[in-house]
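Single-structure report; data block below.
Quick note: the coordinates plus some simple rules give every number you see, no bench work behind them. This one's a predicted model, so the numbers in the text were calculated from it and none came from an experiment. Backbone-built Cβ (ideal geometry, glycine too); neighbour counts: all protein chains shown.
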């Protein structure tokens with residue numbers, strides 16, 4: 001475990017849904033939570049069992065036939081998703097001025113170097129950044145420290161910061177109905193875009209980097225764990 005106080009933790013969660021998330025709120029201290037016990041099949045109902053058990057009722061399949069059908073329609077590979085929050089940035093009003101501070105740039109460099117150290121274990125298959133400048137800078141600086149990265153990184157405006165859920169006024173964040181409506185729909189769409197099982201055709205485990213923002217990551221993690229309510233969505237980055 002790293003001791004540098006400039007580095008903030010990864011939060012790790014794995015479920016029965018066939019993929020797991022590593023939540024990098026900063027940079028690379030590893031802590032494991034016992035979230036693997038959650039059964040998320042209801043919200044990730046593309047599990048083959050949600051289909052074939054009904055088929056068994058209709059066609060009278062034997063238990064072995066049912067078992068074989070499930071096995072033949074269950075992905076063999078696991079998608080590993082790393083959610084990375086941008087580095088420290090300047091607190092300006094204009095979006096284009098919210099650039100990384102020197103510490104933020106150092107954090108992004110460290111992240112890239114740390115991922116390079118793990119290159120034998122993590123073969124990155126996808127790399128995508130929010131279009132906001134602080135996330136884009138973080139991703140670009142990170143990628144420069146990863147000479148082994150053989151893929152091009154892309155931008156996605158769906159990952160921009162926003163207000164996906166009513167905030168806590170005590171924290172000074174109280175978005176209005178219009179912002180909640182537009183940001184909530186966008187961030188939910190981003191969740192559905194990136195959080196899904198591997199395709200049947202995928203033969204090897206994949207590793208994907210998503211560089212975005214605190215509220216987006218917070219929503220993704222709570223949404224994945226079915227913790228979307230007025231209490232769970234307001235936890236801070238340090239938590």
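Highest mean packing comes first when the peptides 118-124, 187-193 are listed by Cβ atoms within 10 Å, giving 187-193, 118-124. The order of the peptides 138-145, 151-158 by mean Cβ neighbours within 10 Å, most packed first, is 138-145, 151-158. Note on residue 226 and residue 196: the extension gain reaches 9.3 nm, defined as 0.36 nm multiplied by sequence separation minus the Cα-Cα distance. Here the calculated FRET efficiency for residue 155 and residue 92, from their Cβ-Cβ distance with R0 = 30 Å, stands at 0.90, rounded to the nearest 0.05.
Would you mind computing Rg(Cα) / (2.2 N^0.38 Å) for the stretch 139-212, counting N as its residues? Intermediate values should be presented prior to the final figure.
Values: Rg = 16.6 Å, N = 74, 2.2 N^0.38 = 11.3 Å.
Here the answer is 1.47, to two decimals.
Of the peptides 70-82, 205-217, the order by per-residue mean of other Cβ atoms within 10 Å, starting with the highest, comes out as 205-217, 70-82.
Distance between the pseudo-spin-label points of residue 182 and residue 62 (7 Å out from Cα toward the beta carbon): 6.0 nm.
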